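Taking it in order: structure first as structure tokens, then the write-up.
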Amino acid sequence: MTTSLTSASALGRAANRAKRQFLSRFPPARWAADGRHEERRRRWAPHLPPLDPEQASLVSALHRDAIRVGPLEDLAVPGTTGLLAALEGLTQSLAAVPPRGASTVRPTPDDLLADLSVWHWGLQDRLLDVVENYLGVPARYYGADVRREVGDSRAEGVRQWHRDAEDRRTVKVLVWLNDVDEAGGPYAYLPLAASLDAVDRLGYVAGFVDDRRLGAAVPEATARLVTGPRWTAIVADNCRLLHRATPPVARDRFSVTYTWSSRTPVKTEPAPAYTPAQRRRIRSGLSRRQLECLPPALRH
């Protein structure tokens, strides 16, 4: 099973890469795809849910800066109290797992789904309303990614500079599960204007960029580091910002990430390796709106 899943994932990445390269190198195809997406946004505009002032402020910040940082509690999402307790337990469990040479350690699917408040938090209407207003179309939700980044100083994978390629826009909520300082693997990003300038200078389409190459395009001081105490929440559109998970040096970093895109993303994500019983558990207790946000592989 592991071999087949790995092969499917590799084929999916190759197909997504070919699609991005085709759209970037053949402008008429990109224009047509963008036109279809804008038509979907236009048709959905009358159906966008209303927002209170705090939600509207967050959407405005995402449009303007593609990022907002603050305490998790400021999002005022129902169920957050239960979420904190469940994440505390997962953090303690992950801390006890020997890395065995891995730079990233994640809980097993059973451990992740033991308390559904972790996975279901991202389906709360208050969050879906914000995401939908920012995207301009109904959202697809990918669940919770709880992880421990081992303090091994390795600059590999998402620890290198990149932009996410899932869609034209996405929303991610990244929450620190321990205190994070400059040596503990903070989130690093280039402000939006600097990101756009670097993308233009680099001729960037997708993939990872090392420090040397990025430094030739923008001054090192341009980058911003997001440190902060446990329960700091970073709400960002990582499809618009060049960013990375800075390699932790002094200690491990624990976090959870929630991700939303449109339901017609540019990049097709591989189906999660959940069993039928786990998929049924994920669906349990969800409203029709919440169920419609799940990826197709989880709806059945």
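The values are calculated or read from the model by the stated rules, or taken from the named source; none is laboratory data. Note that the coordinates shown come from a computational prediction; the quantities given were computed from them, not determined experimentally. All Cβ positions, glycine included, derive from the backbone under ideal geometry; neighbour counts span all protein chains shown. Side chains are part of the model used for accessible areas, which takes the heavy atoms of the whole protein and leaves out ligands, DNA and RNA. Shrake-Rupley method; radii C 1.70, N 1.55, O 1.52, S 1.80 Å.
Yes or no: Val171 hydrophobic (A, V, I, L, M, F, W, C), open to solvent by less than 40 Å² (accessible area, probe 1.4 Å), more than 14 Å from Leu241 (Cα to Cα) and within 20 Å of the chain's Cα centre (by Cα)?
Values: hydrophobic (A, V, I, L, M, F, W, C): yes; open to solvent by less than 40 Å² (accessible area, probe 1.4 Å): yes; more than 14 Å from Leu241 (Cα to Cα): no; within 20 Å of the chain's Cα centre (by Cα): yes.
Answer is no for this residue.
Examine the stretch 180-188 for a residue that is in a strand (DSSP E or B), under 24 Å from Arg106 (Cβ atoms) and either in contact (Cβ under 8 Å) with a residue 60 or more places away in the chain or open to solvent by 40 Å² or more (accessible area, probe 1.4 Å) (or both), and state whether such a residue exists. Walk me through how you get there before you give the answer.
Applying the first criterion (in a strand (DSSP E or B)) to the stretch 180-188 yields 180, 187-188.
Subsequent filtering for residues that are under 24 Å from Arg106 (Cβ atoms) retains 180, 187-188.
Next, from what is left, pick out any that are either in contact (Cβ under 8 Å) with a residue 60 or more places away in the chain or open to solvent by 40 Å² or more (accessible area, probe 1.4 Å) (or both): 180.
Looking for residues that are in a strand (DSSP E or B), under 24 Å from Arg106 (Cβ atoms) and either in contact (Cβ under 8 Å) with a residue 60 or more places away in the chain or open to solvent by 40 Å² or more (accessible area, probe 1.4 Å) (or both), one finds at least one in the stretch 180-188, hence yes.
Would you check which residues across the stretch 228-274 are closer than 26 Å to Leu116 by Cβ, open to solvent by 20 Å² or more (accessible area, probe 1.4 Å) and of a type in the set (A, V, I, L, M) and list them?
Ala271, Ala273
Residues checked against (1) within 27 Å of Asp125 (Cβ to Cβ); (2) at pLDDT 95 or above; (3) part of a helix (DSSP H, G or I); (4) small (Gly, Ala, Ser):
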position	(1), (2), (3), (4)
Ala233	yes, yes, no, yes
Asn238	yes, yes, no, no
Leu241	yes, yes, no, no
Arg244	no, yes, no, no
Pro270	no, no, no, no
Ile282	yes, yes, yes, no
Leu291	yes, yes, yes, no
His300	yes, no, no, no
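Restricting to the stretch 190-229, name every residue that is among the β-branched types (Val, Ile, Thr) and in a loop (DSSP other than H, G, I, E, B). Talk me through it step by step, then tell me what you get.
In the first step, residues of the stretch 190-229 are kept if they are among the β-branched types (Val, Ile, Thr); the result is 199, 205, 209, 218, 222, 226-227.
Scanning the stretch 190-229 gives Val205, Val218, Thr227.
Could you go through the stretch 211-221 and let me know if any residue there is crowded, with 18+ Cβ neighbours inside 10 Å, of a type in the set (Gly, Ala, Ser) and over 16 Å from the mean Cα position of the chain (by Cα).
Within the stretch 211-221, one or more residues are crowded, with 18+ Cβ neighbours inside 10 Å, of a type in the set (Gly, Ala, Ser) and over 16 Å from the mean Cα position of the chain (by Cα).
For the stretch 125-157, what are the residues that are in contact with a Lys or Arg (Cβ under 9 Å, 6 or more places away or on another chain) and farther than 24 Å from His63 by Cα? Even if it seems obvious, please write down each step before you answer.
Filtering the stretch 125-157 down to residues in contact with a Lys or Arg (Cβ under 9 Å, 6 or more places away or on another chain) leaves 125, 128, 134-140, 145-151, 155.
Answer for the stretch 125-157, where residues must be in contact with a Lys or Arg (Cβ under 9 Å, 6 or more places away or on another chain) and farther than 24 Å from His63 by Cα: Asp145, Val146, Arg147, Arg148, Glu149, Val150, Gly151, Ala155.
Let me spell it out: the conditions are (1) free of Cβ contacts under 8 Å to residues at least 24 places away in the same chain; (2) open to solvent by 50 Å² or more (accessible area, probe 1.4 Å), and Leu225 meets all of them except one. Which number is the exception?
(1)
Would you mind listing the helices (runs of 4 or more DSSP H) fully within the stretch 75-126 where at least 3 residues are open to solvent by 60 Å² or more (accessible area, probe 1.4 Å)? Spell out how you get there, then give the answer.
On the way: elements: 80-95, 109-112, 117-120.
In the stretch 75-126, 80-95 are the helices (runs of 4 or more DSSP H) which contain 3 or more residues that are open to solvent by 60 Å² or more (accessible area, probe 1.4 Å).
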